[in-house]
Structures are given as C-alpha cells and as structure tokens.
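Accompanying notes for the structure given below.
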Amino acid sequence: MGAIQPWHIVLVLLAFVILFGSKKLPDAARGLGRSLRIFKSEVKEMQNDGKPDAPVAEAPRELPPSDASVVAPVTTTKPDDVQKSA
C-alpha cells in the first residue's frame, strides 16, 4: 500500500504536463540539466580545493663528470691480423 506504483509516476508526469504545458517542459528539463552540471562541477572543485593541481616533477639530475683515467682505451684489430689457431 505504501510502495510507489508505476501508475503513481505516470500520474505525477501527467500533472507536470498539465501544469507547465508541453512547450515549457523541454526548457525546464534543459535548465535542470545545466543546474545539475554546474552543481556537480562546483562540488568537484570544492573537493580539489586543498589539493595541488598536478604533482611537481623534479628537475632531471645531471651525472657528475667522469674521470678520464677510469675509461679503458679502445683498441681495434683488423680481421687480417688475427691468426688462426688450429
């Protein structure tokens, strides 16, 4: 008895059409949608109020200059100079 039946919803919608007219209902729905969108964005902005917008990235670190004595010398050999061991 206390539960909302589908015909209750139909009756409420019919009352809205009679009260506001069929021409103003789309405008009212559009206005309600805009209001909800604005409300939603304001709530989201309030939640993000104390948080920074984006995490601050550290500047890339430069490697310290390398010591020239640590680098091993590079030697090249020609394939003709290599002896075959048999």
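Observations
- Any hit, the range 39-56, residues being of a type in the set (Val, Ile, Thr), modelled with pLDDT under 65 and either part of a loop (DSSP other than H, G, I, E, B) or touching a helix residue (DSSP H, G or I) at 6+ places or on another chain (Cβ under 8 Å) (or both): yes
- For the range 19-26, the criterion of being modelled with pLDDT of 75 or more and basic (Lys, Arg) is met by at least one residue.
- Residue list for the range 18-35, filter: under 40 Å from the mean Cα position of the chain (by Cα) and among the aliphatic types (A, V, I, L, M): 25, 28, 29, 32
- Residue check for residue 10: modelled with pLDDT of 60 or more and not in a loop (DSSP other than H, G, I, E, B): yes
The values are calculated or read from the model by the stated rules, or taken from the named source; none is laboratory data. Values in this document were obtained by computation on a predicted structure and should not be read as measured data. Every residue, glycine among them, receives a Cβ derived from its backbone with ideal geometry; neighbour counts consider all protein chains shown.
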